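Here's the structure we're looking at; comments come further down.
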Amino acid sequence: MSKGVIQANYVWLNGKLVEWENAKVHVLAQGIHYGIGVFEGIRGYYDNDCIKIFRLEDHMKRFLKSAKIIHLEIPYTLDALINAVIEVVKANNFKTDIYIRPVAFRGPGSIGVRAKNPVEVAVIAFEFGKYLKPTGVKCKISSWRKPPADSLPVYAKIAAMYLLYHLAAVEANNCGFDEAILLDSEGYVAEGSGENIFIVKDGVLITPPTYGAILEGITRDTIMKIATEILGMKVVERRIKREELYTADEAFFTGTAAEITPIVEVDNRIIGDGQIGKVTSQLMELYQKIVRGKIEKYGRWITEVK
């Protein structure tokens, strides 16, 4: 995720803290060979001498749901996983914004796709800044398509799916773009290589529906709530045609890593006036206040770790 070398002091691995250099996985782990695993991405914001973790419980609930969908029996309760995140954040004593990566995968044992090897669980946390340019990104519609829900479980945040996103992102970067946008199997706009997508058209906020081939993003849900509850906007979940994306008044990505990232160009077509749009700007400002606990109404989303 980060372009630099990731490093911290401790990792939570299979129920205990271990030093970073000792957080190792066997080469026969099924998670390596077949992508049998799930993960989450969670941000923590350093503010007032503590780390404020955003929507921790919601992320860990999705983690467990993803695991259930792919027959991954995680041997820890929701509370235990939440406490594991808090424990590893405390142990590393961060003094800047961080990214937290819980991951669960089948470890070593038997070989073959039928094997159900023991599940290993880790929680990794490290310093982290911006993932995409907050001033706006130029995107390419990828030649790779998001598969339908009867091909892979798109509702789950599974490791195997991210080969697709890797291919799309590399393709876009190789062509001189910042990020990829994937269409679904029917040619409608799905999402970015690790982000949900929104467009603004005639004052309405529009995003692809969860019954389509998208991950049900937690940042996506956050934006839909604050757009309606604070900005009083109409928010519509429906399929978006490729041409609608080109002709949108504004467009932006949402995601834990991406936060809210404006889209200023798609396939060499300028979106709006090529600058950060009014609605996008308002949502970016509100989001940064909310994740740092500055808006009391949304204080329930913050877990403070001192």
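The values are calculated or read from the model by the stated rules, or taken from the named source; none is laboratory data. This one's a predicted model, so the numbers in the text were calculated from it and none came from an experiment. Here the Cβ positions follow ideal geometry from the backbone for every residue, glycine too, while neighbour counts run over all protein chains shown.
Of the listed requirements (1) of a type in the set (Gly, Ala, Ser); (2) within 19 Å of residue 304 (Cβ to Cβ); (3) within 21 Å of the chain's Cα centre (by Cα); (4) surrounded by fewer than 18 Cβ atoms within 10 Å (Cβ to Cβ), residue 91 misses just one: (3). Examine region 174-187 for a residue that is in a helix (DSSP H, G or I) and more than 30 Å from residue 46 (Cα to Cα), and state whether such a residue exists. The answer is yes, given that some residue of region 174-187 is in a helix (DSSP H, G or I) and more than 30 Å from residue 46 (Cα to Cα).
Residue 175 meets each of the listed conditions (1) buried (at least 16 other Cβ atoms within 10 Å of the Cβ); (2) more than 23 Å from residue 36 (Cβ to Cβ); (3) of a type in the set (A, V, I, L, M, F, W, C) apart from (1).
Do the conditions hold for residue 180, that is, is it outside the structural domain of residue 276 (by TED's automatic domain parsing), surrounded by 14 or more Cβ atoms within 10 Å (Cβ to Cβ) and aliphatic (A, V, I, L, M)? Outline the logic, then answer.
On the way: outside the structural domain of residue 276 (by TED's automatic domain parsing): no; surrounded by 14 or more Cβ atoms within 10 Å (Cβ to Cβ): yes; aliphatic (A, V, I, L, M): yes.
Against the criterion (outside the structural domain of residue 276 (by TED's automatic domain parsing), surrounded by 14 or more Cβ atoms within 10 Å (Cβ to Cβ) and aliphatic (A, V, I, L, M)), residue 180 does not qualify.
Just to check your reading of the model, which residue among 133, 146, 140 is among the basic types (Lys, Arg) and over 18 Å from the mean Cα position of the chain (by Cα)? Checking each option against the conditions leaves just 140. A residue that is part of a helix (DSSP H, G or I) and under 21 Å from residue 55 (Cα atoms) cannot be found anywhere in region 230-241. Criterion first (within 22 Å of residue 259 (Cβ to Cβ), among the aliphatic types (A, V, I, L, M) and surrounded by fewer than 22 Cβ atoms within 10 Å (Cβ to Cβ)) does residue 103 satisfy it? Criteria met by residue 103.
Taking the criterion of being free of Cβ contacts under 8 Å to residues at least 60 places away in the same chain, touching a strand residue (DSSP E or B) at 6+ places or on another chain (Cβ under 6 Å) and farther than 13 Å from residue 142 by Cα, the residues of region 153-199 that qualify are 196, 198, 199.
Taking strands (runs of 3 or more DSSP E) as the structural unit, no element lying wholly within region 243-306 holds at least 3 residues that are within 22 Å of the chain's Cα centre (by Cα), among the aromatic types (Phe, Trp, Tyr) and buried (at least 22 other Cβ atoms within 10 Å of the Cβ). Figure legend. Inter-residue proximity from region 211-231: first residues in contact (Cβ under 8 Å) with a residue 40 or more places away in the chain and closer than 16 Å to residue 279 by Cα, second residues surrounded by fewer than 21 Cβ atoms within 10 Å (Cβ to Cβ) and among the basic types (Lys, Arg), beta-carbon distance below 7 Å, spacing 6+ or different chains. No pairs are indicated. A single entry from 67, 84, 8 fulfils the requirement of being in a loop (DSSP other than H, G, I, E, B), under 30 Å from residue 293 (Cβ atoms) and touching a strand residue (DSSP E or B) at 6+ places or on another chain (Cβ under 6 Å): 8. Being at pLDDT 95 or above, surrounded by fewer than 19 Cβ atoms within 10 Å (Cβ to Cβ) and within 24 Å of residue 26 (Cβ to Cβ), is that true of even one residue in region 118-125? Yes; the residues of region 118-125 include at least one that is at pLDDT 95 or above, surrounded by fewer than 19 Cβ atoms within 10 Å (Cβ to Cβ) and within 24 Å of residue 26 (Cβ to Cβ).
For residue 238, the conditions (1) surrounded by fewer than 24 Cβ atoms within 10 Å (Cβ to Cβ); (2) touching a Phe, Trp or Tyr at 6+ places or on another chain (Cβ under 8 Å) all hold with the exception of (2).
Close Cβ contacts (under 8 Å, 6 or more residues apart or on different chains) running from residues in region 48-75 that are in the same structural domain as residue 35 (by TED's automatic domain parsing) and within 16 Å of residue 31 (Cα to Cα) to residues that are polar (S, T, N, Q) and surrounded by fewer than 22 Cβ atoms within 10 Å (Cβ to Cβ) are absent.
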